Amino acid sequence: MEKTWNNKAWFMVLPVLLLVAFSAVIPLMTVVNYSVQDTFGNNVFFWAGTEWFEELLHSQRFYDALVRNLIFSAVILAIEVPLGIGIALAMPRKGWAVPVCLVTMALPLLIPWNVVGTIWQVFGRVDIGLLGHTLAAMGVNYNYVQDPFAAWITVVVMDVWHWTSLVVLLCYAGLVSIPEAFYQAARIDGASRWSVFRYIQLPKMHRVLLIAVLLRFMDSFMIYTEPFVVTGGGPGNTTTFMSIDLVKMAIGQFDLGPAAAMSLVYFLIVLLMCWVFYTVMTNYGQEKD
Amino acid sequence: MARINLDHIAHSYNPDPKSEADFALREVHQTWEDGSAYALLGPSGCGKTTLLNIISGLMTPSHGQVLFDGRDVTSLATEARNIAQVFQFPVIYDTMTVRENLAFPLRNRRVPEADIKKRVAETLEMLDLTAKADRKARGLTADEKQKISLGRGLVRSDVNAILFDEPLTVIDPHMKWVLRSQLKQLHRRFGFTMVYVTHDQTEALTFADKVVVMYGGEVVQVGTPEELFEKPRHTFVGYFIGSPGMNVLPCALEDGGAVIAGHRLPLEGRYRPLPGKVEAGIRPEFVLLTDDASGLPIQVRSVLDVGRYRVVRGTLGGHDLNAVVPEGMPIPAEPRALFEPGKLNIYHNSHLVEAEG
C-alpha cells in the first residue's frame, strides 16, 4: 500500500518536543555548558575544555564518594531484596489481614525523605532519642555523630525501614498472581518448599524483582536527603555520598564547572549501572531458548 | 494403577453441617474400577472439582473414606497418594526445559538418575515431545504445555490414577480433538485409571467408559454413554445430555397410560400409583412429526437447521417440546407428534420410575 506522506504530522509531535526540551534537554545542556567552562562570577565564562573532567577523574575525593555509594547500594540491595521477598512470602494471601498488612507496608513509603531523616535523627540521639538513649542505657556505644560505623548503621537501617516495603509490595503482587494450581501441581510432584520457591515463586517474581532492584539501586545510588539530615555527611566524610559531595561543591564552594562535570559523570554511572542490571536480569534464564 | 473406592464420601465446608444444603458434595458411594476411564460431568459448581480434589488428596472429605486398592488413604497427603493431576490451565515450570519438567517429579522422589533418563525418554516418546525435549517449556503452545503437565504424571511408574480437571479449557478447538484422541489412545495402550472432570458432554461421552453425572453436589447417574442417553435416571441428566436435551412434560398416570396435555398415551409396562410430581421424558430424537391424526397437536415456534438434521422447537399444551427431524424429511404444515414406543420415561419427583413387570 502506498504510504501518505504529510509533513504536517510533525506539528503533532511539537508539544512533546517542547515539553521534553524544557524538562530534560535544556537543563542537561546547561549542565554540559557549565562543565566545559570556568567562571569567576558576573556571568563571565572562560573555555575550560575537558579540564574539569580530567581533574575529577584524578580526584581522590570523587573516588572515595563513589566507593561509598557503591558499598551503600550493595548493602541496601543485599538486605532489602532478600528481606522483601521473605516478608512477601510470609504475608497472608486472604482474609482480613491482607489489607492490614498492605496498608502497614505502604505507610513508610508515604513519608517524605527529610521527615524520615528527621525521625531517625531524633530517634537515634543519645540524649533524648528513644533508640539512642535505650542503647546507651544498655551500655552499647552508639553515637552516630562521632562513630562512623554507627553513622553507617543508622543510614542503612533508615533506608531499609523506608524502602523494604517497596520490594515487599512488588514481590507480593508477583506472588498473588500465581494460580493455586501451580502449588497443587507442585504438591503432586512432591516438590519441597525450596523447590516451590526456586521453580515457581522466584520465576514468577522475576519481572517485578527486576523493577524492584532497578528502583532500589537507582534510588540508593542517588541517596541525598536522609544522610544529609541525619549525619550531614559526617563524621568526617564517612557518609559523604556523591550527591552530598556534589551539593557541597556546587552550592557550598560554588565551583560550578567541576560540579557540572561531576553531575554528568554521576548521571552516566547511574545510566550504565541500570543498563547492566536490566540486561543481566532480562537475559537471565533465556539464553537456552 | 488402582481401584478407587469412595466409601460414603461427603464434604461440607461448614464444620457443623445441619441440612443437606450445607454439603458441597452429598454422599457418594462408589467403586471406580482399575484401568477404566471415568468422566465427571456436570454444570459449574456441582461439586465435581471438589470430588476430584478429594481423590487427589488436595482436600480431605468431612465424611467417609477414600480407598485405593482397599487401602485407606483418606488422611494421606497428595504426594503420598501417587496420583497425577492435570489442571485446567497448563502448569509447567517456566525456567526448566521440557525434559527437566518431566524429570522433576522423579528427582523429588530421589529416583536414580539412570532410571530418570529412561522414564523421561519413554514419556517424551509417548507424548510425541521428543523433538522439543530440550526447549524451554515456557515457549511451547498451550496443548504442548498441557501434554507436559500430563507427562509429569505419566513419567511416574507408581501412579495410581490420573485425574484431569477440565484439561482442554484453554486448548484451541481443532487441537482439542487431537489431544482427546491421544488421551484415549494412551488409555487403551497403558490402561491407566483416569478420571476426567468436564462440563462438556461431548468430551465426557467420547472420552469415558463410564460417565458420572453430577448435579447440585450429588451424583445423579453413573452409566455408559448409551445408558445416559436412553434411560436418564434423573430429569437433569436427560436435560443436560443431548443437544437439545430431553423433553420433560408434566403428565398423569391413568390405568396403563400416561395423560399428557389432555391426550392419553399407552405405556409399556405398568406403574404403581405415584403421588406428587409426575413427568414424562422423551428424547427429541424419538419424537416423530406427522400429519397423522393420532399424534398430539403441536405448535411450531421455530426451526433450526443444524446441517445434518433440523431441530423443531414447538409447544404442546403450553409446554416446550423439541423434535429432531432428519435431513430431507418434510415438516407437515399442521404437525402432530408421535412418540416412539418404549422411549417414554416416567419421572417421579425428577427421578426415573421403572415399570413393574
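Using 5 Å bins from zero, what percent of all Cα-Cα pairs in the range A:55-161 falls into each bin?
Pair shares across the bins are 2, 10, 14, 16, 16, 16, 12, 7, 4, 1, 1, 0, 0.
Roughly how much of A:Tyr34 is accessible, in Å² to the nearest 10, using a 1.4 Å probe?
Probe radius 1.4 Å; accessible area of A:Tyr34 about 80 Å².
What whole-number distance in Å separates the alpha-carbon centres of the range A:164-205 and the range A:84-136?
26 Å
What relative contact order, as a whole-number percentage, does chain A give when Cα pairs under 8 Å and 6 or more residues apart are counted? Show your work: numbers first, answer last.
On the way: 273 pairs, mean separation 78.8, N = 289.
Answer for chain A is 27 percent.
Working only with C-alpha atoms, what are the Rg and Dmax values of the range A:153-273, expressed in angstrom?
Cα radius of gyration and Dmax of the range A:153-273 are 20.7, 68 Å respectively.
Work out the FRET efficiency for B:Glu113 and A:Arg193 from their Cβ-Cβ distance, taking R0 = 25 Å, and round it to the nearest 0.05. Before the final figure, lay out the partial values.
Numbers: r = 23 Å, r/R0 = 0.92.
Efficiency, rounded to the nearest 0.05: 0.60.
Express in nm, to one decimal, how much length is gained between A:Ile178 and A:Val75 on full extension, taking 0.36 nm for each residue of separation and deducting their alpha carbon distance.
34.1 nm
Order the following by accessible area, largest value first: B:Asp165, B:Asp72, B:Asp134. Probe radius 1.4 Å; ligands, DNA and RNA are ignored.
Working: B:Asp165 15, B:Asp72 75, B:Asp134 100 Å².
The ranking, largest first, comes out as B:Asp134, B:Asp72, B:Asp165.
Between B:Glu340 and B:Ala142, what is the label-to-label distance in nm when each label sits 7 Å out along the Cα-to-Cβ direction?
Taking the two extended label points, one gets 3.6 nm.
For the range B:196-302, what is Rg from Cα atoms divided by 2.2 N^0.38 Å, rounded to two decimals? Intermediate values should be presented prior to the final figure.
Numbers: Rg = 16.0 Å, N = 107, 2.2 N^0.38 = 13.0 Å.
Taking N as the residue count of the range B:196-302, the ratio is 1.23.
Using a Gaussian network model of chain A whose springs link C-alpha atoms within less than 10 Å, name the residue from A:Trp47, A:Trp163, A:Trp152 with the highest mean-square fluctuation.
Comparing A:Trp47, A:Trp163, A:Trp152 in the GNM, the peak value goes to A:Trp47.
So what is the relative contact order of the range B:4-235, in percent, for Cα pairs below 8 Å that sit 6 or more residues apart? Don't skip to the answer; put the middle values down first.
On the way: 434 pairs, mean separation 67.9, N = 232.
Rounded, it is 29 percent for the range B:4-235.
Report the percentage of all Cα-Cα pairs in the protein assembly as shown whose separation exceeds 45 Å, rounded to a whole percent. Before the final figure, lay out the partial values.
Working: 101357 of 208335 pairs.
Taking all Cα-Cα pairs of the protein assembly as shown, the fraction more than 45 Å apart is 49 percent.
Measuring from the lowest to the highest alpha carbon on each principal axis, how far does the range B:257-357 reach, largest first, in angstroms?
41, 25, 23
Along the Cα-to-C-beta direction of B:Ala252, a point sits 7 Å from the Cα; which residues of the range B:337-357 have their amide N less than 19 Å from that point?
Of the residues in the range B:337-357, B:346-350 have backbone N under 19 Å from the label point off B:Ala252.
Restricting things to alpha carbons, find the Rg to Rh ratio for the range B:102-182 using the Kirkwood radius for Rh. Mind dumping the intermediate values first?
Values: Rg = 13.0 Å, Rh = 13.4 Å.
Radius of gyration over Kirkwood radius for the range B:102-182 works out to 0.97.
Alpha carbons only, please: Rg and Dmax for the range B:4-235, in angstrom.
Cα only, the range B:4-235: 18.0, 56 Å (Rg, Dmax).
In cubic angstrom, how much convex hull volume per residue do the alpha carbon atoms of the range B:39-144 span?
Working: hull volume 15.9 nm³, N = 106.
Residue-normalised Cα hull volume stands at 150 Å³.
Please work out the FRET efficiency for the pair A:Leu89 and B:Gln299, using the Cβ-Cβ distance as r and a Förster radius of 45 Å; give the result to the nearest 0.05. Walk me through the numbers before you get to the answer.
Values: r = 65 Å, r/R0 = 1.45.
Computed FRET efficiency for A:Leu89 and B:Gln299 comes out at 0.10.
With each run of n ≥ 4 DSSP H residues scored as -39500 (n - 2.57), what mean residue ellipticity at 222 nm is computed for the protein assembly as shown after dividing by its residue count and rounding to the nearest 500 deg cm²/dmol? Intermediate results must be reported in sequence, preceding the final value.
On the way: 23 runs with 279 residues, N = 646.
After summing the helix terms and dividing by residue count, I get -13500 deg cm²/dmol.
With all pairs of different alpha carbon atoms counted, what Kirkwood hydrodynamic radius in Å does the range A:1-113 show?
Working: mean 1/r = 0.0480 Å⁻¹.
Computed over the range A:1-113, the radius equals 20.8 Å.
Which sequence of B:His174, B:His351, B:His319, A:His162 reflects their accessible areas, 1.4 Å probe, from the largest down? The partial results should precede the final answer.
On the way: B:His174 125, B:His351 95, B:His319 75, A:His162 0 Å².
Reading off the accessible areas and sorting them downward yields B:His174, B:His351, B:His319, A:His162.
Counting protein heavy atoms only and a 1.4 angstrom probe, how many square angstrom of accessible surface do chains A and B bury in total, to the nearest 100?
The contact between B and A buries close to 1900 Å².
Springs between alpha-carbon pairs under 10 angstrom, Gaussian network model over chain B: which of B:Val219, B:Val211, B:Val259 fluctuates most?
Its mean-square fluctuation being the largest, the pick is B:Val259.
Which three extents, in whole angstrom, do the alpha-carbon atoms of the range A:60-283 cover along their principal axes, largest first?
66, 46, 27
How much FRET efficiency would the formula 1/(1 + (r/R0)^6) give for A:His133 and A:Ser59, where r is the Cβ-Cβ distance and R0 is 41 Å, rounded to 0.05? Before the final figure, lay out each step's value.
On the way: r = 40 Å, r/R0 = 0.97.
Efficiency for this residue pair is about 0.55.
With the crude spin-label approximation of a point 7 Å out along Cα→Cβ, what separation in nm comes out for A:Phe267 versus A:Asn7?
It is 3.1 nm.
Just grab the label-to-label distance for B:Lys231 and B:Arg313, each label 7 Å out from Cα along the Cβ direction, in nm (one decimal).
Label at B:Lys231, label at B:Arg313, 3.3 nm between them.
The values are calculated or read from the model by the stated rules, or taken from the named source; none is laboratory data. Source: prediction; values computed, not measured. Every residue, glycine as well, gets a Cβ built from its backbone with ideal geometry; the counts of neighbours run over all protein chains shown. Note: areas computed on protein heavy atoms with side chains; ligands, DNA, RNA excluded. Shrake-Rupley method; radii C 1.70, N 1.55, O 1.52, S 1.80 Å.
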